[in-house]
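Here the structure comes first, spelled out in structure tokens, and everything after it is commentary.
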Amino acid sequence: MRDVHEDPKVRYSPYATQCNKQRRKWRNEGKIHVAVWRDTNRREREMEQDTQDGAMQSWFKVTIPFGRKYDKTWLMNSIQRHCIVPFTPIEFHYDKNRARFFVQDARAASALKDVSYRICNEEGRKILLIVNPSSIPYSVQNKFTAEQMEQLKLTMKKRYDVSQQSLDLQKLRFDPDLKGQKIDMVLNRRYCMFATLQIIQRNFPELSSLNLCNNKLYGLDGLSDVVEKAPQVKILNLSKNQLKSALELNKLKGMKLEELWLEGNPFCRIFLDQSVYVSAIRDCFPTLLRLDGQELSPPVAIDIDAPVLINPYKEGYGGSESLKNIVLRFLQEYYLTYDYGDRRSLLSVYHDEACFSLTIPLNPSDPDPNSLCDYFKHSRNMKNLKDSFLQEQLLKHKKLDIVDSLSVLPKTQHDFSSFFMDMWLQMETMLCFSVNGVFKEVEGKSQGCVRAFTRTFIATPGSNSSLCIVNDQLFVRNANPDEIRRVCPIPLPTICSSSKPTLSQEQQQMVQAFSVQSGMKVEWSQKCLEDNEWNYTRAGQIFTTLQTEGKIPEEAFTKMP
């Protein structure tokens, strides 16, 4: 039996107990077994005494630092496989970067402590589990009485359609049967959702369609157990709730959804383009066939692993000049959106499995008022960064995490005339290129400061002759005096008429960005922005709606050569 003290990587929580180093070496093998059994029991008794009531049915919280990066099913299966004591995880959820769940007895908690550093992730790094005594989980604290659970079951049975295997729980709180019994079913409360899923699991195991429309849901932590408790659900309606971030949908990963309704949630308004919206949702549910009632086209699969090199002049790219134009157009569209649009709209240019990192060459104690302090907390300098967990945290995985990270960086204005671009590797399914230049910060305490940057992209062929980023590395520093002197405004066409006042530089830049993104001519883009009081996001939403309805004439769009 391996002594855990031989492993220097093992970390202990305050409640960890050490093996008795003075344990005698018994000659009889049976006595060794008894000694180990007694040590295990002692450990369990110590864990019980650390709890509030000292009972065997005490609660313990299990925390996995940086557990959000792991799929729930894989993580729980791995823990169950390595744990010598069977246990039932209660209220599994993600809290910031952590994954958490609860168990209900000291014996299981003791066994879970031994699982720490026995599971490895895909990179071969061992996963830490921290086990601490806990109060009763919120979902269990406010259990309904047996009579209330029976009433809730009867109410749900009335709402269940056997022929369609569908359950309609919209506006459940206002059901007259529940109100008559003074049962307040607020599905945002975890114990309410917990009770609902319990009844579904026991009474509707064949459930294929679940309607949770109009329940004022602003988070999906309570619903995360639906993957285990209702595995047959293929249709889910979450429309007309209060979900403010698409990241909430990550809590439902593992559902084999074919149809999903999300319209009417606040986060839907952030997407200027329908294709970006669809891409974001499919990141969570790759089997999805219908979204908000609309049929979806089959997803485009991109193989980023093919290593075959090709001739740079192979037909398809049409030669180096054509490839250069593709990259230049990509950079123009990318930075116009980055500077003047909603950076979350860049979701469509990143691969589902993309990575992003940011580095700066600066000491945080630098007294320079023009320092890069806004970038320091995001910097991933591997030379100075010794904490392996922080290294993982600062490397952004998945496109949703990437665009969220880009969105919190300072607002900028890049100088296109300063750009130097280099392509240094071309393969059949991969293109590597970099761009150097300068930009100016346009908001906050560093407004007007000029920065120099180098950005390295690794991309694969995307749709419509565009590129799809699989790796993005950004290096930012303070510009030197020569670079600052060379900064000039972005060259944009003059947009004005004799009957209208000349637009400001910022308005001209917005028009140019809107024209590039929408494909409309400059004058039509300007009119759309003016009609929406220069609110770029609202103008994009109106444009998308009108285009979908076919109400924008063909002459509004720039004809492609």
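The values are calculated or read from the model by the stated rules, or taken from the named source; none is laboratory data. Source: prediction; values computed, not measured. Ideal geometry is used to build each Cβ from the backbone, glycine not excepted, and the neighbour counts take in all protein chains shown. These area figures cover heavy atoms from the full protein model, side chains too; ligands, DNA and RNA do not enter into them. Shrake-Rupley method; radii C 1.70, N 1.55, O 1.52, S 1.80 Å.
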Checklist entry - Which pairs do you get when a residue that is open to solvent by 20 Å² or more (accessible area, probe 1.4 Å), found in the stretch 326-353, comes within reach of a residue that is among the small types (Gly, Ala, Ser), reach meaning Cβ atoms under 7 angstrom, with the pair 6+ apart or on two chains? => result 326/465; 340/513; 344/407; 348/275; 348/279
Checklist entry - How many residues does the stretch 375-407 contain that are modelled with pLDDT under 75 and hydroxyl-bearing (Ser, Thr, Tyr)? => result 1
Next on the checklist: Could you tell me how many of the residues in the stretch 229-265 are out of contact with any strand residue (DSSP E or B) (no Cβ under 6 Å at 6 or more places or on another chain) and open to solvent by 30 Å² or more (accessible area, probe 1.4 Å)?
Outcome noted: 17
Item to check | The listed residue being under 33 Å from the mean Cα position of the chain (by Cα) and in a strand (DSSP E or B), out of 85, 131 | outcome: 131
Checklist entry - Does residue 152 satisfy being among the aliphatic types (A, V, I, L, M) and within 23 Å of residue 226 (Cβ to Cβ)? => result yes
Checklist entry - residue 474 is checked against (1) buried (at least 18 other Cβ atoms within 10 Å of the Cβ); (2) aliphatic (A, V, I, L, M); (3) farther than 15 Å from residue 334 by Cα and fails just one. What number does that condition carry? => result (3)
Checklist entry - Taking the stretch 527-545, which residues are in contact with a helix residue (DSSP H, G or I) (Cβ under 7 Å, 6 or more places away or on another chain) and either in contact (Cβ under 8 Å) with a residue 24 or more places away in the chain or outside any helix (DSSP H, G or I) (or both)? => result 532, 534, 536, 539, 541, 543, 544
Next on the checklist: Checking residue 104 against (1) at pLDDT below 85; (2) under 27 Å from the mean Cα position of the chain (by Cα), only one condition comes out false. Which one?
Outcome noted: (2)
Checklist entry - Taking into account only those residues within the stretch 402-449 that are more than 23 Å from residue 328 (Cβ to Cβ) and over 30 Å from the mean Cα position of the chain (by Cα), which is least open to solvent (accessible area, probe 1.4 Å)? => result 449
